[in-house]
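So the structure is just underneath, and the comments pick up after that.
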Amino acid sequence: MAPKPLLAPCPPDLADDQPPTVEFGDLVDAVVVDVDWAGQRAPGFSARRVALRRCRLTGAELAEATIADVTFDECRIDLAGLRRATLERVVFRDCLMGECDLYGATVKDVLFERCELREATISAATLERVELRGCDLTGLRGGEALRGARMPWAEIVENVALFAHVTGVEIVD
């Protein structure tokens, strides 16, 4: 039986004259472009049907956030805290997510495409229908949480050291 495909995010339902969003806060049916929200603190943050492009969320603290039907394109989400967040129908495309903290997050129908996830933390996260394509997983923490994730074979081979570490296989010469 073939695996179920990822569910794509629903696009924002924008009014004809709706300007791009620039203020930080809970977001519904919004397009956000070229904003700098680095270091923002918003535990329990909520975003639904949102498109973010070239936004900077470096170091943002968004613990226990609910993020659904959201697309992040070319965003900086490095050092961001998304501990115990719920992400559903989300696309991260060409994002810098180094040291992003997804500890204990629930991640469902999420695509990470060409993202830099160096030293990111996914320990205790629950993944369902998650795909990683063209991502840098160097130093990923909690790789055991990748159980059930989908990746192209060539990228699994590229990350063999990560998978060996997770399974306890000792690599010898």
> Is there a residue being open to solvent by 60 Å² or more (accessible area, probe 1.4 Å) and among the polar types (S, T, N, Q) anywhere in segment 123-132?
Replying inline: yes
> With respect to the numbered conditions (1) open to solvent by less than 30 Å² (accessible area, probe 1.4 Å); (2) in contact with a strand residue (DSSP E or B) (Cβ under 9 Å, 6 or more places away or on another chain), which one is the sole condition not fulfilled by Thr66?
Replying inline: (1)
> Right, Thr106: hydroxyl-bearing (Ser, Thr, Tyr), open to solvent by 10 Å² or more (accessible area, probe 1.4 Å) and either in contact with a strand residue (DSSP E or B) (Cβ under 8 Å, 6 or more places away or on another chain) or farther than 21 Å from Thr58 by Cα (or both) or not?
Replying inline: yes
>> List pairs: first residue in segment 13-33 and over 15 Å from Ala65 (Cβ atoms) and part of a loop (DSSP other than H, G, I, E, B), second residue open to solvent by less than 90 Å² (accessible area, probe 1.4 Å) and among the β-branched types (Val, Ile, Thr) anywhere in the structure, Cβ distance under 6 angstrom, at least six positions apart or on different chains.
In response: Pro20/Val31; Pro20/Val33; Thr21/Val32; Val22/Val35
>> Could you check segment 133-173 and list, in sequence order, the residues that are open to solvent by 90 Å² or more (accessible area, probe 1.4 Å) and assigned to a helix (DSSP H, G or I)?
In response: Glu144, Trp153, Glu158, His165, Thr167
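Could we say that Ala47 is over 30 Å from Glu144 (Cα atoms) and among the small types (Gly, Ala, Ser) here? Before you say what the answer is, go through the steps one by one.
Values: over 30 Å from Glu144 (Cα atoms): no; among the small types (Gly, Ala, Ser): yes.
It is false that Ala47 is over 30 Å from Glu144 (Cα atoms) and among the small types (Gly, Ala, Ser).
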>> If Gly59 satisfies all but one of (1) without any contact (Cβ under 8 Å) to a residue 24 or more places away in the chain; (2) assigned to a strand (DSSP E or B); (3) on the phi > 0 side of the Ramachandran plot, what's the number of the condition it fails?
In response: (2)
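Conditions (1) within 22 Å of Ala8 (Cβ to Cβ); (2) not acidic (Asp, Glu), marked per residue:
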site: Ala42; (1), (2): no, yes
site: Ser46; (1), (2): yes, yes
site: Thr58; (1), (2): no, yes
site: Asp69; (1), (2): yes, no
site: Cys95; (1), (2): yes, yes
site: Val110; (1), (2): yes, yes
site: Glu113; (1), (2): yes, no
site: Leu127; (1), (2): yes, yes
site: Arg133; (1), (2): yes, yes
>> Checking Gly81 against (1) buried (at least 24 other Cβ atoms within 10 Å of the Cβ); (2) closer than 20 Å to Leu146 by Cα: exactly one of these is not met. Which one?
In response: (1)
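The values are calculated or read from the model by the stated rules, or taken from the named source; none is laboratory data. The model shown is predicted, which means the values in this text are computed figures rather than measured ones. Virtual Cβ from ideal backbone geometry, glycine too; neighbours counted across all protein chains shown. Surface accessibility is based on the protein's heavy atoms, side chains included, excluding ligands, DNA and RNA. Shrake-Rupley method; radii C 1.70, N 1.55, O 1.52, S 1.80 Å.
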